[in-house]
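Let me begin by presenting the structure, written as structure tokens, before commenting on it.
The values are calculated or read from the model by the stated rules, or taken from the named source; none is laboratory data. None of these values were measured; they are calculated from a predicted model. Neighbour counts are summed over all protein chains in view; Cβ atoms, including those assigned to glycine, are modelled from backbone coordinates with ideal geometry. These area figures cover heavy atoms from the full protein model, side chains too; ligands, DNA and RNA do not enter into them. Shrake-Rupley method; radii C 1.70, N 1.55, O 1.52, S 1.80 Å.
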Amino acid sequence: MLSFTPYSYPKSHSVKEILLSSLAAGVVVYLFLIIFQPFGTENFHHPYKYLILFPYTLIFGAAFFISSLCVSRFDEWNLVSELLKILAILFLGSVFSYFYNSLFISHVPLSFENYGYMFLYSMAIGIPTSSIYILSRYIYLKNSRENISEDIDSISNPVNSTKAVLTISINTTELRVAEDDFLCIQSMENYCTLYYLDNNTVKKLLLRISLSGILMQVQTQTIKRCHRSYIVNLEKVKSLKGNAQGYKLILPEIDFNIPVSRSFISVIIPQLQKLKK
């Protein structure tokens, strides 16, 4: 029996990626409406019909953006979590769509019964499109895992650097990265994504190793663990934001901020202050 639950699921961490995914989701809903014209849409005649349907793009795009932005804070994510997020998106989308349809198109009284129909319509549109989205991203993650060895073999040799060279051993494979090119590591269950520079270009590599396992191999005076899911090169940190309740480290080379857990603040912040002197 094939089970998807134990597998981690790719989650957007940058606002840019979330925004693009949200826009794509809204466009897919709009194309579905104008191509198939379900739920009596074909009987809706108006000179600006397609323009009137366009707000559904914004509605479902906004629902996708809000939900994805909220869950981007979670460290652990799997297929069940993604399914729950999709249900939340469909619920938000159905609520916004109901008010838009009732107040601006149908001009019908607000009622739970009418909302029930809109919820069913949203589910009917959302389930097939969401299935394609979830399956495609799951296949992408699965293929990435299967190609880990191939990716490691194809990584270029590190550029000459006056800094030390980090050696990461995974089974029978050995990966060498200059310490000066090391940016950060992000973990997801038993996999880690390494972010590094290759000829001043940011590259990332998925590795089958736990965060604690890779930490023992890369930790130096400047490369430290700052969160249960992150290791960071403190020399690459240009600024930080937040307060004692929670800091975010900013590396200009990557498009997401790295959190600092409260338990690591006493180690990370003094070290950053020392490096900046």
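Each residue of segment 96-101 was assigned a 3J(HN,Hα) from its phi angle through the Karplus expression (A = 6.51, B = -1.76, C = 1.60, θ = phi - 60°), giving 5, 5, 4, 5, 5, 5 Hz with x at Gly and Pro.
When L23, L205 are compared by accessible surface with a 1.4 Å probe, the order from highest to lowest is L23, L205. Once the convex hull of all Cα atoms in segment 79-121 is built, its volume per residue stands at 60 Å³. Heavy-atom accessible surface of K236, to the nearest 10 Å², is about 30 Å², with a 1.4 Å probe and all protein chains retained. Between L275 and L87, the simple spin-label model (points 7 angstrom out along Cα→Cβ) gives 4.2 nm. For segment 209-261, relative contact order (Cα pairs under 8 Å, six or more residues apart, normalised by length) works out to 25 percent. For segment 27-127, dividing the convex hull volume of the Cα atoms by the residue count gives 103 Å³ per residue. Using θ = phi - 60° in the Karplus curve 6.51 cos²θ - 1.76 cosθ + 1.60, the 3J(HN,Hα) couplings for segment 175-182 round to 10, 10, 9, 5, 4, 5, 9, 6 Hz; x is entered for Gly and Pro. 3J(HN,Hα) along segment 112-120: 5, 5, 5, 5, x, 5, 5, 5, 5 Hz, from the Karplus curve 6.51 cos²θ - 1.76 cosθ + 1.60 with θ = phi - 60°, whole Hz, x for Gly and Pro.
Ordering H227, H46, H107 by accessible surface, largest first, gives H107, H46, H227; the 1.4 Å probe counts only protein heavy atoms, with every chain in place.
Take D180, D198, D255 and sort them by solvent-accessible surface of the protein heavy atoms, 1.4 Å probe, largest at the top. Mind showing how you got there, number by number?
Values: D180 60, D198 20, D255 100 Å².
The ordering from most to least exposed comes out as D255, D180, D198.
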